[in-house]
Amino acid sequence: MEQKNNQPVKYDLNFAREIYSLENGSYIKQCMQCGMCAISCATREIMDYSPRRLFNLIKLGKKDEVLEANTMWQCTSCCTCKARCPRGIPIIDVMHDLKKYAIQNGYSDDPRAAFYKAFWAEVASRGKVFEGGVTARYYLIRGLDELKKAFAMKDVGLNMLRHKRMPLLPPKKVKGLGNLKKIIRKAQELERKEAGR
Amino acid sequence: MKYSFYPGCSMEATAQANLKSIEAVAGALDLHLEEIPDWNCCGATVASGVVGDFTQQVMTARNLAIAEPKGYDVVVGCSSCYLSLAVTNKRFKEDEHFKALANEALAAGGLKYDGSLRVRQFLEVVINDAGFDRVKEKVKRPLTGLKVAGYVGCQTVRAIPYEFDDPEYPVQMDKLMEALGATAVDFPMKARCCGSSNAIAATDIVVDSALKIFQSAAGGGAQVIVTPCPMCQLNLDAYQQRVNQLHGTNFNIPVLFFTQLMAVAFDLPEDARALNYCIVSPYEALAAYGVGK
Ligand code: SF4
Ligand code: SF4
């Protein structure tokens, strides 16, 4: 992604502060820009910015560049950078925070945002994940065009069906689903309170 | 030895072969797995991208809270579930503030977790509790001559680095394969990411990752790939044909859970080997070891 160098530099320091207040956000301040994450990352080549550059843009308050970047969505949670970062920054967890923040602030054009939302809706409704349910919810969010693309993949699906890898019926719901939902609600409430501290 | 067992969602769906072979191998090695009653999804690495780490970890902790009264080690057979459960468990042990808050949330569902358990991967339990010698004793059909690429994947050894193997170049699963009589091939991509949950929303990532992994395994002359991870297994198995279509390659490497190959070497019944779940047929590669369709 091209940085818009011809425009006056806009520093949105509020943005940096907001990101630092996320669950793992304050770790970003420890980044020493060494580049270990960039050379380690499994998907670096297809990221708009490496984790290192993204963290720098956060420090600079570049809100749109950061939230429109595909970096956090390309992250596969492989933990390589987390295991190698000399500053001990849990980069994968920072990426989780950025995904959540992007979704909450309406930056969710990336197909993975739809997948993440579909996955969570599934967990929240039965306490377990059912691939069929996640897939259906995903295409509901993304619409018909995406479904057409999926048609190119029909062989994969058929092969999975043939080898009993794609159950058509969901698993039983968690029996304690009511309590699980209460726990989740309470956790979200506490998390919001903590973030406001 | 008794353990609390956390199967995870995939074992009820795409990875039934993982469940069947783990249960059978555990039985053969006298490792008693007791399923955690009414367990729930750990959230994988996806939930925290929507609701944040704290909520995801609390949800994961419900399973640990239910298991705690028994006091057994918690055994996990999925790398992604392991990452969730092990990291959450570590936070309960190391972060008092987190623990207090998390217990406040758990209390809303009448639960409490004190952080007293150990969370372990089935692979590590086989290696450290059963041990290579016990495994060797159980082998009835040595896999002599079978060239195996041990695909450990990313999270297995990096969720908690150096917990039981080298996070950069793991060797323990290779040793286990050699205990079965097989030959572990040189496989530089053995701890590389498979593309994980991108299969639906960004298929290219999975196809590209899989291509590199197949090239690396084939370069070492591998006849089969084994893995402990349901996500790795599914991506490499279900997308192998797609890789071939898109890249004009001709890979035909069956991808098994390491426990399936153990079931073959232990000469356990077909239901334990669960080879009918393999999309890339394993029957040719394993024909010499008493496996028929
Ligand atoms: S490896 Fe760590 S310290 Fe180095 S650039 Fe990446 S995040 Fe910053
Ligand atoms: S965890 Fe994400 S950012 Fe880190 S190396 Fe893996 S893909 Fe890259």
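One line per residue, one yes/no per condition, for (1) within 12 Å of chain A (Cβ to nearest Cβ); (2) part of a helix (DSSP H, G or I):
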position	(1), (2)
B:LYS99	no, yes
B:ALA105	yes, yes
B:GLY109	yes, no
B:GLU124	no, yes
B:GLU137	no, yes
B:THR144	no, no
B:VAL157	yes, yes
B:PRO161	yes, no
B:GLU168	yes, no
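In the range B:34-50, of all residues being crowded, with 24+ Cβ neighbours inside 10 Å and among the β-branched types (Val, Ile, Thr), the one that is farthest from the chain's Cα centre (by Cα) corresponds to B:VAL46. Against the definition (closer than 29 Å to B:ALA191 by Cα and not assigned by TED's automatic domain parsing to the domain that holds A:TYR116), how does A:GLY25 come out, yes or no? So A:GLY25 passes the test.
Looking only at the range A:19-47, filter to residues that are away from chain B (no Cβ under 14 Å) and under 19 Å from B:GLY49 (Cα atoms); which one of those is farthest from ligand 1 (Cβ to nearest atom)?
Here is the first cut: in the range A:19-47, the ones away from chain B (no Cβ under 14 Å) are A:20, A:28-35, A:38.
Then drop every residue that is not under 19 Å from B:GLY49 (Cα atoms), which leaves A:20, A:28.
Working: A:TYR20: 14, A:ILE28: 8 Å.
The qualifying residue farthest from ligand 1 (Cβ to nearest atom) is A:TYR20.
Candidates are the residues of the range A:54-78 that are over 17 Å from A:LEU13 (Cβ atoms) and away from ligand 1 (no atom under 16 Å from the Cβ); the one that is farthest from the other protein chains (Cβ to nearest Cβ) is A:GLU68. Tell me, which residue of the range A:90-106 that is farther than 19 Å from B:SER84 by Cα and under 11 Å from the mean Cα position of the chain (by Cα) is surrounded by the most Cβ atoms within 10 Å (Cβ to Cβ)? Among those that are farther than 19 Å from B:SER84 by Cα and under 11 Å from the mean Cα position of the chain (by Cα), it is A:ALA102. Here is a list of conditions, (1) within 15 Å of ligand 2 (Cβ to nearest atom); (2) at pLDDT 90 or above; (3) hydrophobic (A, V, I, L, M, F, W, C), and A:CYS78 meets all of them except one; can you say which number that is? Unmet condition: (2). Can you tell me which residue in the range B:54-88 is farthest from the chain's Cα centre (by Cα), limited to those that are assigned to a loop (DSSP other than H, G, I, E, B) and of a type in the set (Gly, Ala, Ser)? The qualifying residue farthest from the chain's Cα centre (by Cα) is B:GLY71.
Among the residues in the range A:37-45, are any among the aliphatic types (A, V, I, L, M), in a loop (DSSP other than H, G, I, E, B), under 22 Å from B:CYS232 (Cα atoms) and not assigned by TED's automatic domain parsing to the domain that holds A:ILE141? There is at least one residue in the range A:37-45 that is among the aliphatic types (A, V, I, L, M), in a loop (DSSP other than H, G, I, E, B), under 22 Å from B:CYS232 (Cα atoms) and not assigned by TED's automatic domain parsing to the domain that holds A:ILE141.
Here's the yes/no breakdown for (1) closer than 30 Å to A:LEU158 by Cα; (2) touching a residue at least 60 places away in the same chain (Cβ under 8 Å); (3) touching a helix residue (DSSP H, G or I) at 6+ places or on another chain (Cβ under 6 Å):
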| site | (1), (2), (3) |
| --- | --- |
| B:MET11 | yes, yes, yes |
| B:HIS32 | no, no, no |
| B:GLY43 | yes, no, yes |
| B:HIS97 | no, no, no |
| B:GLY109 | no, no, yes |
| B:ILE127 | no, no, yes |
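Does the range A:68-84 include one or more residues that are surrounded by fewer than 21 Cβ atoms within 10 Å (Cβ to Cβ) and more than 30 Å from B:PRO170 (Cα to Cα)? Scanning the range A:68-84, I find at least one residue that is surrounded by fewer than 21 Cβ atoms within 10 Å (Cβ to Cβ) and more than 30 Å from B:PRO170 (Cα to Cα), so the answer is yes. Residues of the range B:236-252 that are of a type outside the set (Asp, Glu) and buried (at least 21 other Cβ atoms within 10 Å of the Cβ): B:LEU236, B:ALA238, B:TYR239, B:GLN240, B:VAL243. When the residues of the range A:83-137 are filtered to those that are within 14 Å of ligand 2 (Cβ to nearest atom) and of a type in the set (Lys, Arg), the one that is farthest from the other protein chains (Cβ to nearest Cβ) is A:ARG87.
The values are calculated or read from the model by the stated rules, or taken from the named source; none is laboratory data. These numbers come from a predicted model, not from an experiment. Ideal geometry is used to build each Cβ from the backbone, glycine not excepted, and the neighbour counts take in all protein chains shown.
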